[in-house]
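Step one of this worksheet: look at the structure below.
The values are calculated or read from the model by the stated rules, or taken from the named source; none is laboratory data. This one's a predicted model, so the numbers in the text were calculated from it and none came from an experiment. Here Cβ is always computed from backbone atoms with ideal geometry, including for glycine, and neighbour counts include all displayed protein chains.
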DNA sequence: CGGATAGTTCGATCGTTGTCGAACCTTCCA
DNA sequence: TGGAAGGTTCGACAACGATCGAACTATCCG
């Protein structure tokens, strides 16, 4: 099985999480996971803004999110199932994830 | 007078703000501004973690924060006074700034 | 077995960013 | 008038990051 390093809750650092959120593609992934948890990487690829992205690039973004402590994953057959580490993020940085998700929605509504 | 471009509230974008927060030095500046508003750039330079920074580098960080819409500034004599755009950020991304500031405190307390 | 599906890894490219020192610009004050 | 103080701008440099295609791995299914 491939390695999937993921920081412990206590190791999640703010600047790292901010960096993970500092990219439109990753924000879109996070927002999608908020509305439909437990997605496969492949399903996430058919999002607006990510359709034209190479799968190696998508894989890169998934790694950034996971290493920052934003997401977790498990393998199911050939698929990799991704979800948000909601409780971990909420316990470490209360309100942060909700505020970011609300921010994504707020921006989407302006279009 | 030197130019100080600053985005309108409606132009503040989430990824940009996240990027502005994605640096320990800038997070330290933001946290300092939260506790002691209306600082001069020079005063902010005597923060832990910023003491050894060249003033050109500090100036760079100030610009990133301002262009992201996080801070505003005015000149007072030879000094430049900086403050957080609290209301603007709160109206555009409710709860975000507070969550980030709480996060900085939470990390500081772990030391 | 062999092909299809789902992801990862690698190397390359190219733009961005953090950092510095030096030079410069503004404003104040002696 | 001439420093001094506070910031900005510039050029350089190294590190990082987003992106791609190609090659690779792992799993399932016919």
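Return the total of residues in the stretch B:74-107 being surrounded by fewer than 17 Cβ atoms within 10 Å (Cβ to Cβ) and either in contact (Cβ under 8 Å) with a residue 24 or more places away in the chain or part of a strand (DSSP E or B) (or both).
Here the count works out to 8.
Please work out if residue B:100 is within 12 Å of chain A (Cβ to nearest Cβ), within 16 Å of DNA strand C (Cβ to nearest atom) and modelled with pLDDT of 95 or more. Can you show your working first?
On the way: within 12 Å of chain A (Cβ to nearest Cβ): yes; within 16 Å of DNA strand C (Cβ to nearest atom): yes; modelled with pLDDT of 95 or more: yes.
Yes.
Looking at residue B:20, is it within 14 Å of chain A (Cβ to nearest Cβ), within 16 Å of DNA strand D (Cβ to nearest atom) and more than 13 Å from the chain's Cα centre (by Cα)?
On the way: within 14 Å of chain A (Cβ to nearest Cβ): yes; within 16 Å of DNA strand D (Cβ to nearest atom): yes; more than 13 Å from the chain's Cα centre (by Cα): no.
Judged against the criteria, residue B:20 is not a match.
Could you check the stretch A:49-71 and list, in sequence order, the residues that are out of contact with any helix residue (DSSP H, G or I) (no Cβ under 7 Å at 6 or more places or on another chain) and more than 12 Å from DNA strand C (Cβ to nearest atom)?
Correct list: A:51, A:52.
Does the stretch A:1-22 hold any residues that are surrounded by fewer than 18 Cβ atoms within 10 Å (Cβ to Cβ), under 15 Å from residue A:60 (Cβ atoms) and touching a helix residue (DSSP H, G or I) at 6+ places or on another chain (Cβ under 8 Å), and which are they?
Those that are surrounded by fewer than 18 Cβ atoms within 10 Å (Cβ to Cβ), under 15 Å from residue A:60 (Cβ atoms) and touching a helix residue (DSSP H, G or I) at 6+ places or on another chain (Cβ under 8 Å): A:4, A:5.
Pairs, please: C-beta under 6 Å, at least 6 apart or cross-chain, first residue more than 16 Å from DNA strand C (Cβ to nearest atom) and in the stretch A:20-38, second at pLDDT 95 or above?
Hits for this filter: A:31/A:104; A:34/A:101.
Could you give every pair whose Cβ atoms fall below 7 Å, whose first residue belongs to the stretch A:46-59 and is more than 15 Å from residue A:27 (Cα to Cα) and free of Cβ contacts under 8 Å to residues at least 40 places away in the same chain, and whose second residue is assigned to a loop (DSSP other than H, G, I, E, B) and within 11 Å of DNA strand C (Cβ to nearest atom), counting only separations of at least 6 or pairs across chains?
A:55/A:45
Do we find that residue B:53 is at pLDDT below 95 and more than 27 Å from residue A:12 (Cβ to Cβ) in this structure?
Working: at pLDDT below 95: yes; more than 27 Å from residue A:12 (Cβ to Cβ): no.
Spelling it out, it is not the case that residue B:53 is at pLDDT below 95 and more than 27 Å from residue A:12 (Cβ to Cβ).
Which one of A:46, A:40, A:59 is surrounded by fewer than 15 Cβ atoms within 10 Å (Cβ to Cβ) and under 13 Å from the mean Cα position of the chain (by Cα)?
Numbers: A:46 fails: under 13 Å from the mean Cα position of the chain (by Cα); A:40 fails: surrounded by fewer than 15 Cβ atoms within 10 Å (Cβ to Cβ).
From the options A:46, A:40, A:59, the qualifying one is A:59.
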